[in-house]
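One structure is given below, encoded as structure tokens.
The values are calculated or read from the model by the stated rules, or taken from the named source; none is laboratory data. Predicted model, so just to flag it, every value in this text is computed and none were measured. Glycine also receives a Cβ, built like all others from the backbone with ideal geometry; neighbour counts cover every protein chain displayed. Side chains are part of the model used for accessible areas, which takes the heavy atoms of the whole protein and leaves out ligands, DNA and RNA. Shrake-Rupley method; radii C 1.70, N 1.55, O 1.52, S 1.80 Å.
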2 protein chains.
Amino acid sequence: MTSSDSLPLDPSAGAVALTRQLCDIPSVSGDERAVADAVEAVLRNQAPHLRIVRDGDTIIARTELGRARRVAIAGHLDTVPVNENLPVQDRPDPETGAETIWGRGTVDMKAGVAAQLLLAVELDDPAVDVTWVWYDHEEVASHLSGLGRAMRNHPALFAADFAILGEPSNGTIEGGCNGTLRAHVTMHGKRAHSARGWMGVNAIHRAAPLLQRLAAYEAERIVVDGLEYREGINAVRIDGGVAGNVIPDRCTIEVNYRFAPSRSGEEAADFVREFFADADEVEIVDLALGARPGLDDPFARGFVEAVGVQPKAKFGWTDVSRFSALGIPAVNFGPGDPLLAHADEERVPVEQIEFTVSALRSWLTGGRAAGSS
Amino acid sequence: MTSSDSLPLDPSAGAVALTRQLCDIPSVSGDERAVADAVEAVLRNQAPHLRIVRDGDTIIARTELGRARRVAIAGHLDTVPVNENLPVQDRPDPETGAETIWGRGTVDMKAGVAAQLLLAVELDDPAVDVTWVWYDHEEVASHLSGLGRAMRNHPALFAADFAILGEPSNGTIEGGCNGTLRAHVTMHGKRAHSARGWMGVNAIHRAAPLLQRLAAYEAERIVVDGLEYREGINAVRIDGGVAGNVIPDRCTIEVNYRFAPSRSGEEAADFVREFFADADEVEIVDLALGARPGLDDPFARGFVEAVGVQPKAKFGWTDVSRFSALGIPAVNFGPGDPLLAHADEERVPVEQIEFTVSALRSWLTGGRAAGSS
């Protein structure tokens, strides 16, 4: 290894310091070059055991030790826009008093990247082969995703038996994710002057039973690979009307359906069409499949046991789905409370960063992980 | 009277020809000067028996014969925008085969103005005093109304016992008008990520019972001064939602309540607040009172008997309310089907123009009208 004196990132200072260093390189989506350059420089200087491939601002760094099993460990480098919350600050958490780093990117997800990067440099002889991936454009439209692009450009580099995404999971493992579907559900009517409303048909009034049904619906809870996924179906937008004196001839409800990863896209679409069978139009406008947690696989099970926590289902959609689409079971495991992602008060407890490092290190260097390899 | 050879309007050609002449002077709201100038020129040249006052593009022309009773007869000079439907054309009505004039302004309301202008010039010795009014800016925001402005600037000129507005009434008399109220009715909620919808409160779902109530409501029919007014309450617009993945914290329904002229503004507002008593906010954003038809007054009754039709209630709001607000009972009486107003296929049957002239002439020159004066 060469000296790190001239590099902006210094893993030898520990994952907590590295979190601060990563956060303080602004990297809002579309502007990830500086942080990607810094990550690549550290790897090229300090991790000669890794084969490094760069694709745009995505970096893939692999051990190629011929181990029986391979894990992909990934995190995104970009953040949502800064809102006067950089550089990071060290302040205790107001509720718990715990030592905490505050600022944009701390939770989502520079602390996870720091834990990963530290181990990528440190572990030159892991018990399983590792494909480290840090990527651009996660916080924006799906088609811009650096992870998706790198998977298309370099499919062979992504072969793996299991994947760990460093999205914040608040000290536990969140397995898989729900799928998400959006639909535009429309009722028609007939325009008329509102002074003679009885000559028209009010499309907004006709939407009432659909909203009543949504309000009354008890969403299902579905167990997949041992984890319980809670579904939900909600009106997220509604729009209708022509003018203040016209009976409206159209009312559209935008519906978001979050569905368990055991359902196919076709099943999810059928459910929504059936739910709104009496609507005049149901148009599916967006559909992203969920991801099974895959925790019935012994290799994944070994990771869970090494971390020593009870895994939970992940409700929000994350990039674990991209691994799932390649047939690779995937979980979320990273420091911080996902509910604080994107918040102005975004912050991560120092203890969770250190826990993430020690849990990953323990699994990657032996114990049950070595036994399963 | 002087020669009319050099004037654009020629009442001696009859009300039907005069309708064509009036329509062919484009006079979209805000651009009424040419038509107002033409009307004023005819009056000054051919109606020395009238006292003429001009206020902007509004013309007030009065007989001052000292009669016991006075009627105001009014019509607006402006039209909604032309849509390739000028100059006017003579074509039979496709449904009835009747002789018909087609084009912008024919119904709303140059045919009515033509009937009035012809009689204003012709009747130099009517049985009742007449205040003729032709005014600007009816088809736009209420505060721009030329009639409202002239009433404020010259209140004494508007004293009258009864008013006839030449709005199209399809061969009958439409008495008074309903009032109209608009309110913004809002439900609140609590935002949450739609992946964990149960952590929020969906404001759009909470609006469902309000829409159900609107859909189920049977509006009242209320008899006022012998005419039945049909009320109505409708959602005319709805808006809610933040983003495709957020539980909405706000949903606003714009409601339009059309109420019988027997209700005060306060009663109408109370009705709407009571109707939505369970809403989080009810804001009255617009309120215009109705107008009683006043057909229990013997003078008005005499007009109805002279015309020889069974009067009906007017549902839409018209400028009769401005007379009503001055304590003057008012009716709508003019040629053409009000449902064709503003339509591209706007048209007026020639027979209705001639009927309007003969009915008004009969009443103004004697018979029952004279008897009641």
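Of all residues in segment B:213-242, how many are of a type outside the set (D, E, K, R) and more than 24 Å from A:Asp249 (Cα to Cα)?
Residues flagged as of a type outside the set (D, E, K, R) and more than 24 Å from A:Asp249 (Cα to Cα) within segment B:213-242 amount to 6.
Considering only segment B:331-342, state which residues are among the hydrophobic types (A, V, I, L, M, F, W, C) and either part of a loop (DSSP other than H, G, I, E, B) or at pLDDT 90 or above (or both).
Listed by number, the residues that qualify are B:Val331, B:Phe333, B:Ala341.
Suppose the filter is among the charged types (D, E, K, R) and not assigned by TED's automatic domain parsing to the domain that holds A:Gly105; does A:Glu167 pass it?
When the stated conditions are applied, A:Glu167 does not pass them.
Do we find that B:Val304 is more than 20 Å from the chain's Cα centre (by Cα) and of a type outside the set (Phe, Trp, Tyr) in this structure?
no
Can you report the number of residues in segment B:277-317 which are charged (D, E, K, R), within 13 Å of chain A (Cβ to nearest Cβ) and in a loop (DSSP other than H, G, I, E, B)?
Residues meeting the conditions: 1.
Going by the conditions given, is B:Phe271 more than 14 Å from chain A (Cβ to nearest Cβ), in contact with a helix residue (DSSP H, G or I) (Cβ under 8 Å, 6 or more places away or on another chain) and among the aromatic types (Phe, Trp, Tyr)?
no
Away from chain B (no Cβ under 14 Å) and crowded, with 23+ Cβ neighbours inside 10 Å: does that describe A:Gly334?
Yes: the conditions hold for A:Gly334.
Quick check on A:Gly240: is it surrounded by fewer than 22 Cβ atoms within 10 Å (Cβ to Cβ) and not hydrophobic (A, V, I, L, M, F, W, C)?
no
Return the residue satisfying two criteria in turn: it lies in segment B:191-227 and is in contact with an Asp or Glu (Cβ under 6 Å, 6 or more places away or on another chain) and open to solvent by 30 Å² or more (accessible area, probe 1.4 Å), and of such residues it is modelled with the highest pLDDT.
Filtering first and then ranking leaves B:Arg221.
Kindly establish whether B:Asn234 is surrounded by 17 or more Cβ atoms within 10 Å (Cβ to Cβ), within 30 Å of A:Val285 (Cβ to Cβ) and under 23 Å from the mean Cα position of the chain (by Cα).
yes
Of the residues A:Ala325, A:Ala306, A:Ala277, A:Ala291, which is in contact with a Ser or Thr (Cβ under 7 Å, 6 or more places away or on another chain) and more than 30 Å from A:Ala98 (Cα to Cα)?
Of A:Ala325, A:Ala306, A:Ala277, A:Ala291, the one residue that is in contact with a Ser or Thr (Cβ under 7 Å, 6 or more places away or on another chain) and more than 30 Å from A:Ala98 (Cα to Cα) is A:Ala291.
When the residues of segment B:143-162 are filtered to those that are among the small types (Gly, Ala, Ser) and out of contact with any Asp or Glu (no Cβ under 9 Å at 6 or more places or on another chain), which remaining residue is surrounded by the most Cβ atoms within 10 Å (Cβ to Cβ)?
Residue satisfying both the conditions and the ranking: B:Ala159.
How many of the residues making up segment B:1-26 are at pLDDT below 95 and either farther than 14 Å from B:His76 by Cα or in contact with a Gly (Cβ under 8 Å, 6 or more places away or on another chain) (or both)?
8
Can you find even one residue in segment B:256-266 that is within 9 Å of chain A (Cβ to nearest Cβ), in contact with a Cys (Cβ under 9 Å, 6 or more places away or on another chain) and not in a strand (DSSP E or B)?
Scanning segment B:256-266, I find no residue that is within 9 Å of chain A (Cβ to nearest Cβ), in contact with a Cys (Cβ under 9 Å, 6 or more places away or on another chain) and not in a strand (DSSP E or B), so the answer is no.
Within segment B:270-282, identify whether any single residue is under 23 Å from the mean Cα position of the chain (by Cα), on the phi < 0 side of the Ramachandran plot and open to solvent by 30 Å² or more (accessible area, probe 1.4 Å), and answer yes or no.
no
Could you tell me whether segment A:151-170 includes any residue that is in a helix (DSSP H, G or I) and aromatic (Phe, Trp, Tyr)?
Yes: segment A:151-170 contains one or more residues that are in a helix (DSSP H, G or I) and aromatic (Phe, Trp, Tyr).
Write out, first by first residue and then by second, each pair whose Cβ atoms fall under 6 Å of each other, whose residues are 6+ apart or on separate chains, and whose first residue, in segment A:225-239, is more than 11 Å from chain B (Cβ to nearest Cβ) while the second is among the aromatic types (Phe, Trp, Tyr) and buried (at least 22 other Cβ atoms within 10 Å of the Cβ).
Partner pairs satisfying both residue conditions: none exist.
Name the residue that is nearest to the chain's Cα centre (by Cα), counting only residues in segment A:163-180 that are open to solvent by less than 10 Å² (accessible area, probe 1.4 Å) and at the interface with chain B (Cβ under 10 Å from one of its Cβ atoms).
Here the answer is A:Cys177.
Within segment A:272-298, can you find the residues that are closer than 24 Å to A:Ala330 by Cβ and in contact with a strand residue (DSSP E or B) (Cβ under 9 Å, 6 or more places away or on another chain)?
Answer for segment A:272-298, where residues must be closer than 24 Å to A:Ala330 by Cβ and in contact with a strand residue (DSSP E or B) (Cβ under 9 Å, 6 or more places away or on another chain): A:Asp286, A:Leu287, A:Ala288, A:Leu289, A:Gly290, A:Ala291, A:Arg292, A:Pro293, A:Gly294, A:Leu295, A:Asp297.
Can we say A:Gly290 is surrounded by 19 or more Cβ atoms within 10 Å (Cβ to Cβ) and on the phi > 0 side of the Ramachandran plot?
No.
When you look at B:Arg51, is it farther than 18 Å from B:Pro11 by Cα, touching a residue at least 12 places away in the same chain (Cβ under 8 Å) and out of contact with any Lys or Arg (no Cβ under 8 Å at 6 or more places or on another chain), yes or no?
no
Considering only segment B:119-136, state which residues are crowded, with 23+ Cβ neighbours inside 10 Å and in a loop (DSSP other than H, G, I, E, B).
Across segment B:119-136, the qualifying residues are B:Pro126, B:Val128, B:Asp136.
Return the residue satisfying two criteria in turn: it lies in segment A:316-327 and is surrounded by fewer than 22 Cβ atoms within 10 Å (Cβ to Cβ) and in contact with a helix residue (DSSP H, G or I) (Cβ under 9 Å, 6 or more places away or on another chain), and of such residues it is modelled with the highest pLDDT.
Only one residue tops the list, namely A:Leu326.
Examine segment B:187-210 for a residue that is closer than 21 Å to B:Asp286 by Cα and within 9 Å of another protein chain (Cβ to nearest Cβ), and state whether such a residue exists.
Taking every residue of segment B:187-210 in turn, at least one turns out to be closer than 21 Å to B:Asp286 by Cα and within 9 Å of another protein chain (Cβ to nearest Cβ).
Looking at (1) more than 13 Å from the chain's Cα centre (by Cα); (2) under 12 Å from B:Gly175 (Cα atoms), which is the only condition B:Val331 fails?
All conditions pass for B:Val331, except number (1).
Against the condition open to solvent by less than 60 Å² (accessible area, probe 1.4 Å), in the same structural domain as B:Arg263 (by TED's automatic domain parsing) and within 30 Å of A:Gly316 (Cβ to Cβ), how does B:Ala183 come out, does it pass?
No: the conditions fail for B:Ala183.
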